[in-house]
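Contents: one structure, followed by commentary.
Read the figures in this text as sums done on the coordinates, not as results from a lab. Predicted model, so just to flag it, every value in this text is computed and none were measured. Here the Cβ positions follow ideal geometry from the backbone for every residue, glycine too, while neighbour counts run over all protein chains shown.
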Amino acid sequence: MSKSESLASGVDFIDTMAGISDEHGLYAVRHARKKVVDATEASQQLFFRDDLPGLSLAERYLVAWYASLLSKAPSLAGEYRRQLHQFAVSDEALMAIEFDRLNDMSDTRLSAILSFTRLLVLSPKLGDQQALLRLKEAGLSTPEVVALAQLIGYLSYQIRLVAGLQAMKALEEAK
């Protein structure tokens with residue numbers, strides 16, 4: 001189920017990606033803190049709005065897809081890859097991301113964005129001033145750098161939340 005389908009049906013993105021519904025005991029546990037569920041869904045909607053200024057929607061979906069691949073989160077990676085079908089993304093970019101070969105990219109802006117994504121996902125302690133300066137050198141404005149860092153932070157939370165829910169669902173179903 002795509003994000004737009006899940007929103008239209010009233011099922012939130014995390015529930016959809018974790019494969020839980022109100023038929024699962026885990027659903028009640030997750031929804032016990034409605035404020036957290038609502039804030040998480042609001043963040044999803046905010047980060048993937050068409051009209052969010054700065055990073056393009058295609059760039060945001062590429063970051064999400066890449067972060068999901070790096071984190072070995074197949075349900076999220078699959079969904080974000082499906083969302084990319086609506087954009088004219090070069091085969092070069094898609095292949096570089098899929099095979100984790102960012103050095104093969106000719107688009108320096110996108111390469112810098114994805115390199116920063118890789119850094120924060122795999123080695124967050126290395127996300128220092130030099131890493132931020134590389135983004136500025138690639139042409140990103142300060143608001144774009146902030147938005148990118150916030151997006152990656154949200155995705156890290158999302159990936160871990162979905163993985164935890166999937167593990168708990170598997171345990172629930174094994175009983």
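Could you grab the relative contact order for the stretch 3-174? Cα pairs under 8 Å, six or more apart, rounded to a whole percent.
Details: 141 pairs, mean separation 45.1, N = 172.
Relative contact order for the stretch 3-174 comes out at 26 percent.
Working ranking of peptides 152-160, 112-120, 97-105 by packing, defined as the average number of other Cβ atoms within 10 Å per residue, highest first, is 112-120, 152-160, 97-105. Cross-link partners of residue 136 among lysines, defined as those whose alpha carbon lies under 21 angstrom from its own and excluding same-chain residues fewer than eight positions apart: 125.
Taking a threshold of 26 Å on the Cα-Cα distance, which of the pairs 34/169; 35/72; 35/169 fall above it? Mind dumping the intermediate values first?
Working: 34/169 19 Å; 35/72 28 Å; 35/169 22 Å.
Those over the limit are 35/72.
Amide H to amide H, with H built 1.01 Å from N, residue 52 comes under 5 Å of no residue 5 or more places away or on another chain. Summing +1 for each Lys or Arg and -1 for each Asp or Glu among the other residues whose beta-carbon sits under 15 angstrom from that of residue 126 gives +2. Net charge within 14 Å of residue 168 by Cβ-Cβ distance, Lys/Arg positive one each and Asp/Glu negative one each, not counting residue 168 itself? That works out to +1.
Let me have the relative contact order for the stretch 98-175, percent, based on Cα pairs under 8 Å that are six or more residues apart. Walk me through the numbers before you get to the answer.
Numbers: 30 pairs, mean separation 18.9, N = 78.
The normalised contact order for the stretch 98-175 reaches 24 percent.
Packing-based ranking of 88-94, 57-63 yields 57-63, 88-94, ordered from highest to lowest mean Cβ neighbour count within 10 Å.
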